[in-house]
Structure formats: structure tokens, C-alpha cells
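**Student:** For reference, the structure I am asking about is given below.
The values are calculated or read from the model by the stated rules, or taken from the named source; none is laboratory data. Only a predicted model underlies this, so the values are computations on that prediction, with no experimental measurement involved. Glycine also receives a Cβ, built like all others from the backbone with ideal geometry; neighbour counts cover every protein chain displayed. To get the accessible areas, we keep the full protein, side chains included, count just its heavy atoms, and leave off ligands, DNA and RNA. Shrake-Rupley method; radii C 1.70, N 1.55, O 1.52, S 1.80 Å.
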Amino acid sequence: MGELDGKYAWTVKVGEKGQFVIPKEARDIFGIKPGDTLIVLGDVERGIAIPPKNLFSELTRVIFPDGARDAGE
């Protein structure tokens, strides 16, 4: 839809199965390739975020500051 100083916005339609297509321009900008795994973050008040994959390790440190733990612990 457009760009404002490194900020972007696109619209997508959600299909019957809850799927949507990430626009090609967004895939190109963020280096998303077929087969990539994405993380989807949700907050009831702030909405859904799909951060770029290069932030995975940083987000993991923020979410799990003491390190990831096994679900059985």
C-alpha cells in the first residue's frame, strides 16, 4: 500500500480456512522464502504481529530471559 520512512502497510484477505497470502513486496523486503517458519505474536489489546525472522533470537531472549525451558519442567 505504501511506504513512510521504512514503515509499510498492506491489506490482505483471510480465506475460509483462516489463511492469507503475504504480499510479494513484503516477502521481498523481509526476505521471506517458501518453506520459512514465521512466528506469530498476539496481544488481545494490541493485535497480531509477524516479526521478520532476523528478530527470532532477540525475541526469544525477551520472551524467555532465563532461557527456553522444556514444557515438562
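**Student:** Please go through segment 29-44 and give me each residue that is in a loop (DSSP other than H, G, I, E, B) and under 21 Å from Lys7 (Cβ atoms), ordered by number. Can you show your working first?
**Tutor:** Within segment 29-44, the first condition is being in a loop (DSSP other than H, G, I, E, B), and the residues that meet it are 31-40, 44.
Those that are in a loop (DSSP other than H, G, I, E, B) and under 21 Å from Lys7 (Cβ atoms): Gly31, Ile32, Leu38, Ile39, Val40.
**Student:** Determine which member of the set Asp28, Asp5 is among the acidic types (Asp, Glu), under 16 Å from Asn54 (Cβ atoms) and out of contact with any strand residue (DSSP E or B) (no Cβ under 9 Å at 6 or more places or on another chain).
**Tutor:** Values: Asp5 fails: under 16 Å from Asn54 (Cβ atoms).
Selected residue: Asp28, the only one of Asp28, Asp5 that is among the acidic types (Asp, Glu), under 16 Å from Asn54 (Cβ atoms) and out of contact with any strand residue (DSSP E or B) (no Cβ under 9 Å at 6 or more places or on another chain).
**Student:** On to the next question. Please identify the pairs in which a residue from segment 51-67 that is closer than 15 Å to Val40 by Cα has its Cβ atom under 6 Å from the Cβ atom of a residue that is surrounded by 10 or more Cβ atoms within 10 Å (Cβ to Cβ) and hydrophobic (A, V, I, L, M, F, W, C), counting only partners at least 6 apart or on another chain.
**Tutor:** Here the result reads Pro52/Phe30, each pair linking segment 51-67 to a residue that is surrounded by 10 or more Cβ atoms within 10 Å (Cβ to Cβ) and hydrophobic (A, V, I, L, M, F, W, C).
**Student:** Still on this structure, I have one more. Kindly provide the set of residues from segment 45-58 that are more than 8 Å from the chain's Cα centre (by Cα), closer than 24 Å to Asp28 by Cβ and outside any strand (DSSP E or B), ordered by number.
**Tutor:** Result: Asn54, Leu55, Phe56, Ser57, Glu58.
**Student:** Scanning segment 15-36 for residues that are open to solvent by 100 Å² or more (accessible area, probe 1.4 Å) and not basic (Lys, Arg), which turns out farthest from the chain's Cα centre (by Cα)?
**Tutor:** Filtering segment 15-36 for residues that are open to solvent by 100 Å² or more (accessible area, probe 1.4 Å) and not basic (Lys, Arg), the one farthest from the chain's Cα centre (by Cα) comes out as Glu16.
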